[in-house]
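The values are calculated or read from the model by the stated rules, or taken from the named source; none is laboratory data. Because the structure is a prediction, the values reported are computed rather than measured. Please note: Cβ atoms are built from the backbone with ideal geometry, for glycine as well, and neighbour counts cover all protein chains shown.
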Amino acid sequence: MKRKKKITILAACILCGLILSPPGAQATLITIQIEAVVDSVDDPFGYLEGNITPGDIITGFYTYDSSVTRLPGERYQFDSAPCGVFLSVGGFDFQTDQSSVDFEMGIGNNLSWGDTYYFISFNNLPLSNGVVVDIISWQLDDPTGSALSSDALPTTAPILDNWQTNILAFGADRRYGIFAHVTSAVPEPVTIMLVGIGTVFLRKRL
């Protein structure tokens, strides 16, 4: 219930931004809901208090602005709310610090070693027990180079079956690490609605 409430609040904020923004700025925020399964947990010092174990389900979402300009290479950088990631598992929330966003995505199409899709959140809030969270990341790789057709930020979720590597990882250096694979990635319903509204608006203008 807590997670649904937070996602609903985020959706409302995005919708509010659409209503208050000028037409040219509409439908740029994309939110992707994800679900994952924990594969392994490395917690030798007990920072996670035994609350997260292999097989646990991770739920959450990540948000990005699809209008951001690509940096050299495959990188896109985001430094303002509501961009970032929110994950919940074992009673803990792993989330980007919305007061100081440092969130990066990478979309690499036809690189020398294939295609890649990733996000990394470098600046995150501590857990409810005060333990730090250094990194939250998701890495998709396809050595065949057929998963992507463009290096632009997509407005839809990645198709998981197109990727050979699928690793969701988060934790703190030399303290603990959680490793999982994403089993579901779908656009937040409000994202679908906003993209649809944007398409209708463009058609009317044309």
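Quick notes on this structure:
- Residue ranges of strands (runs of 3 or more DSSP E) in the range 8-79 with at least 1 members modelled with pLDDT of 95 or more and of a type in the set (Gly, Ala, Ser): 29-42, 57-65
- Residues in the range 106-132 that are without any contact (Cβ under 8 Å) to a residue 24 or more places away in the chain, of a type in the set (Gly, Ala, Ser) and either under 30 Å from Pro143 (Cβ atoms) or surrounded by 17 or more Cβ atoms within 10 Å (Cβ to Cβ) (or both): Ser112 only.
- Considering residues of the range 136-166 that are buried (at least 16 other Cβ atoms within 10 Å of the Cβ) and not in a loop (DSSP other than H, G, I, E, B) only, the residue farthest from the chain's Cα centre (by Cα): Asp142
- If you go through the range 167-176 and pick out every residue that is surrounded by fewer than 19 Cβ atoms within 10 Å (Cβ to Cβ), more than 16 Å from the chain's Cα centre (by Cα) and of a type outside the set (Asp, Glu), you end up with 3.
- Residues of the range 81-120 satisfying the condition of being within 20 Å of Pro154 (Cβ to Cβ) and of a type in the set (Ser, Thr, Tyr): Thr96, Thr116, Tyr117, Tyr118
- Screening the range 69-96 for residues that are more than 15 Å from the chain's Cα centre (by Cα) and in contact (Cβ under 8 Å) with a residue 60 or more places away in the chain and picking the one that is nearest to Leu48 (Cα to Cα) gives Val89.
- In the range 80-105, the qualifying residues are those that are hydroxyl-bearing (Ser, Thr, Tyr) and part of a strand (DSSP E or B), and the one that is surrounded by the most Cβ atoms within 10 Å (Cβ to Cβ) is Thr96.
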